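K.L.:
Would you mind keeping the following structure in view while I ask a few things?
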Amino acid sequence: MTGHLKPATYTIYLRPDAAQATFPALVREHRLRADPQGNVEFLDAFWHFEMKEDDPEIVPPVLVYADLMATVDARNLNVAKQVRDEYIKRALRLA
């Protein structure tokens, strides 16, 4: 989202109603294999609003912020602050 970090883990959120069709295609296309120590995880998209058309591959900023804050890495916390200042605070001012 900010371009300041390279992710150690890739989280892919799939809508539950589309996961049955999407998941096998992603596994095939990217040649993914089950690995408990792997760096890709699939989770259900739990929010119920439309993604921004200009960047549909990024989850809502508040989720990016929460994931970064859940770590103890100082670089992640610094980027979390940037996400909060650039995206979340701005959105709250517009509401």
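The values are calculated or read from the model by the stated rules, or taken from the named source; none is laboratory data. Values in this document were obtained by computation on a predicted structure and should not be read as measured data. Cβ placement follows ideal geometry from the backbone for every residue including glycine, while neighbour counts extend to all protein chains displayed. Heads up: the accessible areas ignore ligands, DNA and RNA and are worked out on the full protein's heavy atoms, side chains in. Shrake-Rupley method; radii C 1.70, N 1.55, O 1.52, S 1.80 Å.
K.L.:
Out of VAL79, VAL83, VAL59, which single residue is touching a Pro at 6+ places or on another chain (Cβ under 7 Å) and of a type in the set (Val, Ile, Thr)? Give the steps one after another, and end with the answer.
P.N.:
Numbers: VAL79 fails: touching a Pro at 6+ places or on another chain (Cβ under 7 Å); VAL59 fails: touching a Pro at 6+ places or on another chain (Cβ under 7 Å).
Selected residue: VAL83, the only one of VAL79, VAL83, VAL59 that is touching a Pro at 6+ places or on another chain (Cβ under 7 Å) and of a type in the set (Val, Ile, Thr).
K.L.:
Within the stretch 59-73, can one find any residue that is in contact with a strand residue (DSSP E or B) (Cβ under 7 Å, 6 or more places away or on another chain) and surrounded by 10 or more Cβ atoms within 10 Å (Cβ to Cβ)?
P.N.:
Yes, because at least one residue in the stretch 59-73 is in contact with a strand residue (DSSP E or B) (Cβ under 7 Å, 6 or more places away or on another chain) and surrounded by 10 or more Cβ atoms within 10 Å (Cβ to Cβ).
K.L.:
Which residues, counting only those in the stretch 1-16, are more than 19 Å from ASN76 (Cβ to Cβ) and open to solvent by 60 Å² or more (accessible area, probe 1.4 Å)?
P.N.:
Matches in the stretch 1-16: ARG15, PRO16.
K.L.:
Would you be able to tell me the number of residues in the stretch 74-89 that are surrounded by 12 or more Cβ atoms within 10 Å (Cβ to Cβ) and either within 18 Å of LYS6 (Cα to Cα) or at pLDDT below 80 (or both)?
P.N.:
Residues meeting the conditions: 8.
K.L.:
Sticking with this one: Considering only the stretch 24-47, how many residues are assigned to a loop (DSSP other than H, G, I, E, B) and loosely packed, with under 10 Cβ neighbours inside 10 Å? Working first, answer last.
P.N.:
Initial filter on the stretch 24-47 (assigned to a loop (DSSP other than H, G, I, E, B)): 31-39, 45-47.
Then drop every residue that is not loosely packed, with under 10 Cβ neighbours inside 10 Å, which leaves 31, 33-37, 46.
Of the residues in that region, 7 qualify.
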